[in-house]
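The values are calculated or read from the model by the stated rules, or taken from the named source; none is laboratory data. Given the structure is predicted, the values throughout are model-derived calculations rather than measurements. Every residue, glycine among them, receives a Cβ derived from its backbone with ideal geometry; neighbour counts consider all protein chains shown. Note: areas computed on protein heavy atoms with side chains; ligands, DNA, RNA excluded. Shrake-Rupley method; radii C 1.70, N 1.55, O 1.52, S 1.80 Å.
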Amino acid sequence: MSVKIAICDDSPEDIRTLSKALYSYNDSIEITEYSNGEFLVADCLEHDNLFDILFLDIYMPSLNGIETATKIRSAMKDVIIIFVSSSNEHYPEAFEVFAFNYIIKPVNPDKLSSLMDQALMNMSKDRRHQIQFSYKSKNYRIFCRDILYVESRDKIILFHMVDNTTMPCYAKLDVISKQLPGDLFIRTHQSFIVNIFHITEMADNHFRIGPTAINISKKYQKVAKDKYYDYLFTHMNSSGQ
């Protein structure tokens, strides 16, 4: 599967320079070019998981790179965001939207190659995690990153997916919990496990995933919140390397 990349920059020359460097790294990648953040946001909101990697210029008219990234995160939680700028002035803001990295123009081809190696390795790790199950004599295999949360209801496990589908299976939540990657999922309740990557808000007694509030029971409250804070801290630190 080819890697899908979007470059968003109001400078055609900078787009050409970055595209050339990326094709030199790997000529099989797919690059889509955008001259402003509004067009990119519109496409991303209409089509989930449209791109694997986004290169965003910071200084753009109307929507700047930070604002563009903030809007895109609502639709594409796992997209890798790399900011490209002529200044490091906005470095702290970049990692508030979980940027993977922040590079300064002009782009150094060697540094870009190293950065792409890291990004692709990160993507491959996410895509390796799968879970298999059967339901009514049919076998299924799903990527863990595509699970929003897992619910136990009436002796049936329900996998709530990013594409708004729900996939059922007969199992116990304790058994499913052991099959899920521990660094990506948080047990919040005797009936719920959430994908840490898709959490959009944490309150006193629930996590929110988009419009859905997932209860955090007293039994799991401290462990669940500590794990979420650890994830935020680790993710931001690793993104800044």
If you go through the range 61-84, how many residues are more than 15 Å from residue 5 (Cβ to Cβ) and either open to solvent by 30 Å² or more (accessible area, probe 1.4 Å) or modelled with pLDDT under 90 (or both)? 11
Matching residues in the range 1-22 - criterion: being farther than 19 Å from residue 81 by Cβ and in a helix (DSSP H, G or I): 12, 13, 16, 17, 20
If you scan the range 96-136, which residues turn out to be out of contact with any strand residue (DSSP E or B) (no Cβ under 8 Å at 6 or more places or on another chain) and either aromatic (Phe, Trp, Tyr) or assigned to a loop (DSSP other than H, G, I, E, B) (or both)? 106, 108, 136
Which of (1) free of Cβ contacts under 8 Å to residues at least 60 places away in the same chain; (2) open to solvent by 10 Å² or more (accessible area, probe 1.4 Å); (3) of a type in the set (Phe, Trp, Tyr) is the odd one out, the single condition residue 102 does not satisfy? (1)
Checking residue 66 against (1) part of a loop (DSSP other than H, G, I, E, B); (2) in contact with a strand residue (DSSP E or B) (Cβ under 9 Å, 6 or more places away or on another chain); (3) among the hydrophobic types (A, V, I, L, M, F, W, C), which single condition isn't satisfied? (1)
Residue 148 versus (1) part of a helix (DSSP H, G or I); (2) in contact with a helix residue (DSSP H, G or I) (Cβ under 6 Å, 6 or more places away or on another chain): which is the lone unmet condition? (1)
Give me the strands (runs of 3 or more DSSP E) completely within the range 151-221, filtered to those with at least 2 residues that are open to solvent by less than 50 Å² (accessible area, probe 1.4 Å), out of contact with any Cys (no Cβ under 7 Å at 6 or more places or on another chain) and free of Cβ contacts under 8 Å to residues at least 40 places away in the same chain, ordered by residue number. 156-161, 166-169, 185-189, 206-209
Looking only at the range 44-58, which residues are in a helix (DSSP H, G or I) and under 22 Å from residue 85 (Cβ atoms)? 44
